[in-house]
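The values are calculated or read from the model by the stated rules, or taken from the named source; none is laboratory data. For clarity, every value in this text was computed on a predicted model and none was experimentally measured. Note: ideal-geometry Cβ built from the backbone for every residue, glycine included; neighbour counts use all protein chains shown. Remember, those area values only see protein heavy atoms, side chains included, never the ligands or the DNA or RNA. Shrake-Rupley method; radii C 1.70, N 1.55, O 1.52, S 1.80 Å.
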Amino acid sequence: MAKAQLKSKEAKARAAQSGGKGKKKKWSKEKNRDTLNNAVLFDEDHPHAKLEKEVPKMKLITIATVSERLRITGSLARVSIDELEAKGIIKRVVHTRNARIYTRATAAAA
């Protein structure tokens, strides 16, 4: 068993002064998410005709997919999907309070 070295008070004080806490932790930079600038209304940049042209061709139609594809807000996508369903252009698959899933209306189903 090795004996512990006896240090003087001065040696202990110098050791405490020189050691310090070391380097501070560098926190990683937070990755900023790009904010979406989705349209609130249909206009010349986001025409309603584009909705009627693209959405019926989609196999899976949800509020999120329409919003993402056409760069419109979720509330506008929801109203637009309801309008297309009323016209019979798309067909409802599932409608719960959490999810609305639609598909294109085929000739046999319509």
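Before moving on, here are some points about what is shown:
- Mean ellipticity per residue at 222 nm, deg cm²/dmol - from DSSP H runs of n ≥ 4 across the chain, formula -39500 (n - 2.57): -10500 deg cm²/dmol
- Whole-Hz Karplus values for the stretch 64-69 come out as 5, 5, 5, 4, 5, 5 Hz, taken residue by residue from phi with 6.51 cos²θ - 1.76 cosθ + 1.60 and θ = phi - 60°; glycine and proline positions read x.
- Amide H partners (placed H, <5 Å) of Ile72, local residues excluded: Ala39
- Probing with 1.4 Å while keeping every protein chain in the model, the per residue accessible area of the chain equals 87 Å².
- With contacts taken as Cα pairs under 8 Å at a separation of at least 6 residues, the stretch 15-95 carries a relative contact order of 26 percent.
- Distance in nm between pseudo-label sites at Ala11 and Lys59 (7 Å out along the Cβ direction from Cα): 7.8
- Measuring r between the beta carbons of Ala99 and Val79 and using R0 = 22 Å, the FRET efficiency lands at 0.85.
- Dividing the mean sequence gap of close Cα pairs (under 8 Å, 6+ apart) by how many residues the stretch 70-110 holds gives a relative contact order of 26 percent.
- Per-residue extension of 0.36 nm, minus the Cα-Cα distance of Glu68 and Asp45, leaves a gain of 6.8 nm for this segment.
- The GNM of the chain, with springs linking C-alpha atoms under 10 angstrom apart, assigns the highest mean-square fluctuation among Lys31, Lys12, Lys87 to Lys12.
- For mean projected area of the Cα convex hull in nm², the value calculated from this model appears in (1) 17.0; (2) 8.0; (3) 9.2 under label (1).
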